[in-house]
Amino acid sequence: MIDANLVQVVILWCVTGVGIICAMNARGLLRQLVSWFIVIAMIATAAFFSYMKIESVKQEIGLTSALDTRPVMSFAPANRGNDTLAASYTVAEKQIFESIIAISDSIIAFPNWKDIYSQGIEKRENFESKALFLRNKSMNSYRQIRNLTPPDDKKPSYDTLLAAAENLRLAGYEVHYQFSLEADTLGESIIKAREYASQVKSVVFSIMNKE
């Protein structure tokens, strides 16, 4: 996933504006053609990164999600028997368990900040994109769990699962937030994220063992 900071997008548009001014002042047909060709390429590049930034912001605030194309399963008790509701909830719960464990494992295995920071800018941007992916995945899991309607006998475990999902959402936030704290050489946000993710796994395994 390509990511661009807002400041970088603004700078790119400023450079594009300067290029337009230079092209307008160019003398000679050949110079004008070359100048406008370069300007058009700069405008296309600036527009592309602006679009990517808009999509990134939409994902962060939950307006859209390109991370999970499967429809969110919603289970309403109307017009369904208790047996059907329980069976549907069990299927959805199993899928969510697998997703939560996978996300938690990815956060726990996320590299140390010192190792990330010691690499070049391009590689750090790749890690930042992965962190944003985990953040959005954790938010998506939380929303899926909130959309579930548990049967009566599952409500205690559902409440526990919802609390675990909140911790998973915090873990995703912390691992991505680290990239806005470049002065922090210890990587405290990543450490917090791992702690949250470990707690989430423990809770999920506890629920699975009881069932």
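If we keep just the residues of segment 116-129 that are free of Cβ contacts under 8 Å to residues at least 12 places away in the same chain and not aliphatic (A, V, I, L, M), which is nearest to Gln8 (Cα to Cα)?
Restricting to residues being free of Cβ contacts under 8 Å to residues at least 12 places away in the same chain and not aliphatic (A, V, I, L, M), the top hit is Glu122.
If you go through segment 126-145 one residue at a time, do you hit one that is touching an Asp or Glu at 6+ places or on another chain (Cβ under 7 Å), assigned to a helix (DSSP H, G or I) and surrounded by fewer than 17 Cβ atoms within 10 Å (Cβ to Cβ)?
Yes: segment 126-145 contains one or more residues that are touching an Asp or Glu at 6+ places or on another chain (Cβ under 7 Å), assigned to a helix (DSSP H, G or I) and surrounded by fewer than 17 Cβ atoms within 10 Å (Cβ to Cβ).
I'd like the full set of residues that are of a type outside the set (Ser, Thr, Tyr) and in a loop (DSSP other than H, G, I, E, B), limited to segment 105-125.
Ala109, Phe110, Pro111, Asn112, Gln119, Gly120
Any idea which residue in segment 170-211 is surrounded by the most Cβ atoms within 10 Å (Cβ to Cβ), counting only those that are within 23 Å of Thr160 (Cβ to Cβ) and of a type in the set (S, T, N, Q)?
That would be Gln199.
Residue-by-condition table, conditions (1) at pLDDT 80 or above; (2) part of a helix (DSSP H, G or I); (3) acidic (Asp, Glu); (4) surrounded by 12 or more Cβ atoms within 10 Å (Cβ to Cβ):
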{"position": "Ala46", "(1), (2), (3), (4)": "no, yes, no, yes"}
{"position": "Phe49", "(1), (2), (3), (4)": "no, yes, no, yes"}
{"position": "Gln59", "(1), (2), (3), (4)": "no, yes, no, yes"}
{"position": "Leu63", "(1), (2), (3), (4)": "no, no, no, no"}
{"position": "Leu67", "(1), (2), (3), (4)": "no, no, no, yes"}
{"position": "Ala76", "(1), (2), (3), (4)": "no, no, no, no"}
{"position": "Asn79", "(1), (2), (3), (4)": "no, no, no, no"}
{"position": "Ala86", "(1), (2), (3), (4)": "yes, yes, no, yes"}
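Do we find that Tyr142 is among the aromatic types (Phe, Trp, Tyr) and over 17 Å from the mean Cα position of the chain (by Cα) in this structure?
No; evaluated as a whole, the condition is false for this residue.
With the condition kept exactly as written, say whether any residue in segment 138-147 is assigned by TED's automatic domain parsing to the domain that holds Lys114, without any contact (Cβ under 8 Å) to a residue 24 or more places away in the chain and of a type in the set (Lys, Arg).
yes
Restricting segment 171-201 to residues that are among the hydroxyl-bearing types (Ser, Thr, Tyr) and over 14 Å from Asp115 (Cα atoms), which is modelled with the lowest pLDDT?
The extreme case among them is Ser180.
When you look at Gln95, is it farther than 18 Å from Ala197 by Cα and surrounded by fewer than 17 Cβ atoms within 10 Å (Cβ to Cβ), yes or no?
Numbers: farther than 18 Å from Ala197 by Cα: no; surrounded by fewer than 17 Cβ atoms within 10 Å (Cβ to Cβ): yes.
No: the conditions fail for Gln95.
Taking segment 171-208 on its own, how many of its residues are out of contact with any Lys or Arg (no Cβ under 8 Å at 6 or more places or on another chain) and in a helix (DSSP H, G or I)?
The number of residues fulfilling the criteria is 24.
The values are calculated or read from the model by the stated rules, or taken from the named source; none is laboratory data. It should be emphasised that the depicted structure is a prediction, and the values quoted were computed from it without experimental measurement. Here Cβ is always computed from backbone atoms with ideal geometry, including for glycine, and neighbour counts include all displayed protein chains.
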